[in-house]
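Participant: I have a structure here, written as structure tokens, and I will follow up with some questions on it.
The values are calculated or read from the model by the stated rules, or taken from the named source; none is laboratory data. Since the structure is predicted, the reported quantities are computational estimates derived from the model, not experimental observations. Every residue, glycine among them, receives a Cβ derived from its backbone with ideal geometry; neighbour counts consider all protein chains shown.
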Amino acid sequence: MTCCDRHLHLGLTESVCPVCLATIPAERCAEGETVYLKKTCPEHGTTSTPVWRGLDSYLRWGQAARNFSQPPVCATEVKRGCPRDCGLCPDHLQQSCCVLLEVTSRCDLACPVCYASASRHGADASLAEIGGWLDTLAASGGRVHLQLSGGEPTVRDDLPEIVELIRSRGFDFVQLNSNGVRIAREPNYLAALAKAGLDCVFLQFDGVSDDVYQRLRGAKLLRLKTLAIRNCGEAGIGVVLTPTLVPGVNVDQIGAIVDFAIAETPAVRAVHFQPVSYFGRCPTSPDDASRITLPEVMEALIGYSGGTIRFGDFHPGAAENPYCSFSGRFVIGEGGRLRATGEKPQSCRGVPAKQESAECRGSARPSLEVARERRYVAGQWTRPDRPIQDPAGLDAFDAFLASRTGTLGLSGMAFQDAWTLDIERLRQCHVHVVAPDRRVIPFCAYNLTDCAGGALYRPQASTGSEET
């Protein structure tokens, strides 16, 4: 049925007002081939934002199986409703897979685009604070994947000690989210991280020309990015290239980024595209032309391949809402041409929600199935000559993952901002952040900011109380 003469009604949800962040009703509508999230704030009016360009793929993508697994332990009660009760609360529908630890709010760059609004001035979390975060995660979610983030984590001289601390607490997969500047300039620092047990670097990598970095990061960085990758290769650390895609800046370099990744395998294990989200520090307010959606990224990859990649080679995530991500695994053939492996990507999903406790009182220890699927994700992003050790009896599976040389992962994730936030999607999020007060908060909620930069959760971006 239609919600008006020009729109096809696709479902109801809730969202927030981009001006005041009040929770308001929202509708998913299609106009032509574009799917919009439309909502009206009684005080600030109506917004309509494209969230998916390609109606046929939207309908097919939405048929993917959805696997829910409530958090084993909930730290907050449901009082005001999503997104204001994060902690996690009993209404959340997915346990943690990847959890970010923001070990500093400092950065050695001043990027014009930054979800954390980081600067050269800020503060570091103490080792005692970080230890407390690890205690919280151990009690509430078991051995999740951990990503050290910020700010720029490598501004800390004691980052190897933090990696050692994480390993000593039994967490077996540690990533670093980095701009790569220090690991390019100081191989000995990177070697210390590798010795401490770092598995993987999520390297900010926006393009293959310096004009892209000048616009998005405020400096010419391509030489340092390349050197950081080479240093990681020598240190035996896997690299995931993470481009932030901004229309009019670097979308035309999607294929060139993949070619660059192929040339840098096996150090580079994957490319993880992230369409720009308008939270934190952004130079302009978004309009329709300033957004690129996941199916457009997939179509660009298909066009780049010359026919060796098909839309069916990509799959939605098995844990998060299907409209949050895509992924595919590819063999690098002769001449650098890519061919799908035929593997169906797995994720950090648990058992169906109906088998979980409604009060979030399950065991904090993940099932063997969850452990296996976390291992699958880790196996894609770890160097094949550095298999993960595991005391849980998954040696044969590790051997399978380690044997896959000559492959490259291509994936993407659409983080939500105040214009695109869909509460249904948010409740299925499995990428979380540990807040300074130890609450575990979905990434998109933690980074959510209004038009003026005010936040619900992030301390650096907040202009007032969390209780907005």
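Participant: Yes or no: the range 118-133 includes at least one residue that is closer than 30 Å to residue 219 by Cβ, under 19 Å from the mean Cα position of the chain (by Cα) and buried (at least 22 other Cβ atoms within 10 Å of the Cβ).
Facilitator: yes
Participant: What single numbered condition from (1) surrounded by fewer than 21 Cβ atoms within 10 Å (Cβ to Cβ); (2) touching a helix residue (DSSP H, G or I) at 6+ places or on another chain (Cβ under 7 Å); (3) farther than 20 Å from residue 415 by Cβ fails to hold for residue 213?
Facilitator: (1)
Participant: Can you tell me which of 151, 180, 142, 170 is at positive phi, more than 21 Å from the chain's Cα centre (by Cα) and either in the same structural domain as residue 274 (by TED's automatic domain parsing) or β-branched (Val, Ile, Thr) (or both)?
Facilitator: Answer to the selection: 170.
Participant: Do we have any residue at all in the range 238-261 that's farther than 21 Å from residue 209 by Cβ and at pLDDT 95 or above?
Facilitator: Yes, that holds for at least one residue.
Participant: To continue, here is another question. Is it the case that the range 203-210 has a residue that's over 23 Å from residue 305 (Cα atoms), at pLDDT 95 or above, in contact with a strand residue (DSSP E or B) (Cβ under 8 Å, 6 or more places away or on another chain) and hydrophobic (A, V, I, L, M, F, W, C)?
Facilitator: The answer is yes; a qualifying residue exists.
Participant: I would also like to ask the following. Assuming residue 312 fulfils every condition listed in (1) in contact with a helix residue (DSSP H, G or I) (Cβ under 9 Å, 6 or more places away or on another chain); (2) under 28 Å from residue 97 (Cα atoms) apart from one, which condition is it?
Facilitator: Against the list (1) in contact with a helix residue (DSSP H, G or I) (Cβ under 9 Å, 6 or more places away or on another chain); (2) under 28 Å from residue 97 (Cα atoms), residue 312 comes up short only on (1).
Participant: Here is a further query. I'd like to verify a number: residues in the range 37-84 that are acidic (Asp, Glu) and assigned to a loop (DSSP other than H, G, I, E, B), how many?
Facilitator: Final tally of qualifying residues: 2.
Participant: Is there any pair with a first residue in the range 191-204 that is touching a residue at least 40 places away in the same chain (Cβ under 8 Å) and within 17 Å of residue 145 (Cβ to Cβ) and a second that is small (Gly, Ala, Ser) and surrounded by fewer than 17 Cβ atoms within 10 Å (Cβ to Cβ) whose Cβ atoms are under 7 Å apart and which are 6 or more apart or on different chains, and what are they?
Facilitator: That search, which allows pairs on different chains as well, returns nothing.
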